[in-house]
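Taking it in order: structure first as structure tokens, then the write-up.
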Amino acid sequence: MDIIKIENVKFKYNKEDSRYAVDGVNINIKKGQFTAIIGHNGSGKSTLAKLINSLLVPTEGKIYVNGMDTSDDSKLWDIRQTAGMVFQNPDNQLVATIVEEDIAFGPENQGIEPAEIRKRVDAALKAVNMYDYRKRPPHLLSGGQKQRIAIAGILALNSECIVLDEPTAMLDPSGRIEVMDTLKKLNAQGKTILLITHYMDEAVQADRVIVMDKGSIKLDGTPKEVFRNLDEIKKFGLDVPQVTELAQSLIKEGINLPSDIICIKELVDLLCR
Ligand code: ADP
Ligand code: MG
């Protein structure tokens, strides 16, 4: 079952724009899949995320979230609940002065009863490993902790899918790892994850990598299928995983290796054989 269906979607911010920000995109995302979207600045990634979340409506084409048409106003809140969004700047998403109140905010707005909210907030805090911080003011947390609280806020809505737009861009390396580990754990428990990132080491951890350029999809496949196209990926202004680049240099030097190595352990194992 596809939780997100994007069908021939085009989007322009203004009628008079010469280019579409999203230009003929087709993507189906299966429930439980962990997808990374990468692409140079301005390639249309954030626009696509906003289209999925019904913050924007396609100029042409259709998007369905769990079968709900994102251009149907009456489905707006259901759509945003099904596919919750996490943005780049953690400071812009936390609203309350206490962590657990922040997480309770979404379910409270939905009119969920207090006992159920309490249960959901505790479960969400535990899921992102922030239960011990529930009484703290969010502004005293690290960036990685704040993003985990933002993720917990979505979990408390029982969202099936989490869409994250460069959630680690403002974090230090340890914060980035905290967020990635949280996403992988939630994915292992069945959540669908759509992660927009410019970090290749994050993209290689996904089930599927989609490369966008100038509003359209250029590559779409497993990390191995995508990253073996080094030259093409560089042409789109993107980095490639260092280990893939190293492996391909070794191949050019005559060493017999596969061209789709994406993790260091894989390369080490092959070289030590
Ligand atoms: P990315 O997230 O991949 O960097 P965006 O989706 O933000 O790309 O931008 C895609 C294109 O849409 C770019 O050309 C950008 O300049 C344009 N764009 C983005 N936001 C707006 C906006 N609010 N108004 C007009 N044009 C925009
Ligand atoms: Mg963006």
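The values are calculated or read from the model by the stated rules, or taken from the named source; none is laboratory data. Keep in mind that this is a model prediction, so the values were computed, not measured. In this analysis, Cβ positions are derived from the backbone assuming ideal geometry, glycine residues included, and neighbour counts consider all displayed protein chains.
For this structure, a couple of remarks:
- Selection of first residues in region 98-118 that are in contact (Cβ under 8 Å) with a residue 12 or more places away in the chain and outside any helix (DSSP H, G or I) and of second residues that are surrounded by 14 or more Cβ atoms within 10 Å (Cβ to Cβ) and of a type in the set (Lys, Arg), restricted to Cβ pairs under 8 Å at least 6 apart or on distinct chains, gives the following pairs, ordered by first then second residue: ILE98/ARG134; ILE98/ARG136.
- Filter pass, VAL99 being closer than 25 Å to LYS126 by Cα, more than 16 Å from ligand 1 (Cβ to nearest atom), modelled with pLDDT under 95 and in contact with a Phe, Trp or Tyr (Cβ under 9 Å, 6 or more places away or on another chain): no
- Of all residues in region 125-151, those satisfying the criterion of being under 18 Å from the mean Cα position of the chain (by Cα) and of a type outside the set (S, T, N, Q) are ALA127, VAL128, GLY143, GLY144, LYS146, ARG148, ILE149, ALA150, ILE151.
The rows are residues; the columns are (1) surrounded by 16 or more Cβ atoms within 10 Å (Cβ to Cβ); (2) among the polar types (S, T, N, Q); (3) touching a Pro at 6+ places or on another chain (Cβ under 6 Å).
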residue: GLU116; (1), (2), (3): no, no, no
residue: MET130; (1), (2), (3): yes, no, no
residue: PRO137; (1), (2), (3): no, no, no
residue: GLN145; (1), (2), (3): yes, yes, no
residue: GLU160; (1), (2), (3): yes, no, no
residue: LEU164; (1), (2), (3): yes, no, no
residue: THR168; (1), (2), (3): yes, yes, no
residue: LEU171; (1), (2), (3): yes, no, no
residue: SER174; (1), (2), (3): no, yes, no
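- Candidates ALA36, ALA104: the one that is farther than 20 Å from ALA169 by Cβ and either out of contact with any Cys (no Cβ under 9 Å at 6 or more places or on another chain) or surrounded by fewer than 22 Cβ atoms within 10 Å (Cβ to Cβ) (or both) is ALA104.
- Which listed residue is surrounded by 19 or more Cβ atoms within 10 Å (Cβ to Cβ), of a type in the set (Ser, Thr, Tyr) and within 11 Å of ligand 1 (Cβ to nearest atom), from SER43, SER54: SER43
- Applying the set (1) within 16 Å of ligand 1 (Cβ to nearest atom); (2) buried (at least 20 other Cβ atoms within 10 Å of the Cβ) to ILE3 leaves exactly one unmet item: (1).
- For ILE217, the conditions (1) touching a His at 6+ places or on another chain (Cβ under 8 Å); (2) surrounded by 15 or more Cβ atoms within 10 Å (Cβ to Cβ); (3) of a type outside the set (D, E, K, R) are fulfilled apart from (1).
- Selection of region 231-273 for residues being within 23 Å of LYS218 (Cβ to Cβ), among the hydroxyl-bearing types (Ser, Thr, Tyr) and modelled with pLDDT of 90 or more yields only THR244.
- Restricted to region 197-250, and to residues there that are among the small types (Gly, Ala, Ser), touching a residue at least 24 places away in the same chain (Cβ under 8 Å) and outside any strand (DSSP E or B), the residue that is nearest to THR35 (Cα to Cα) is ALA206.
- Taking strands (runs of 3 or more DSSP E) as the structural unit, no element lying wholly within region 1-67 holds at least 3 residues that are among the hydroxyl-bearing types (Ser, Thr, Tyr).
- Flag if ALA206 is among the small types (Gly, Ala, Ser), surrounded by 20 or more Cβ atoms within 10 Å (Cβ to Cβ) and at pLDDT 95 or above: yes
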